[in-house]
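The block underneath contains the structure these notes are about, expressed in structure tokens.
All of the numbers you see were taken from the coordinates with simple rules; none came from a lab. This structure is a prediction, so every number in the text was calculated from the model and none was measured. Here Cβ is always computed from backbone atoms with ideal geometry, including for glycine, and neighbour counts include all displayed protein chains.
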Amino acid sequence: MNLLYFLLIGLVAGWLAGQVMKGSGFGLVGNLIVGVIGAFVGGFLFGVLGISSYGLIGSIIAAFVGACVLLWIVGLVKKA
């Protein structure tokens, strides 16, 4: 069940990041995949920075931040 929640949170975060980061997205499916990977990145970044995220909203925020960072990095790599 936790894996299902994690995937759903990543999907929501990927969609949100795709809406916010206009011009650097990969379409709906690509952004959803980036959201799931971004959930890992966001969890890592929040851990490094010492920020705690609790509950559903905190998890979505952490995954959203991770997805935005991931989209930004991939956008830089695509330009190079």
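Based on C-alpha pairs under 8 angstrom that are at least 6 apart in sequence, the stretch 14-80 has a relative contact order of 40 percent. A run of the chain free of exposed loop cleavage sites, with chymotrypsin sites (Phe, Trp or Tyr not before Pro) counted only in DSSP states other than H, G, I, E and B and at most 16 other beta carbons within 10 Å, reaches its longest extent at 27-53.
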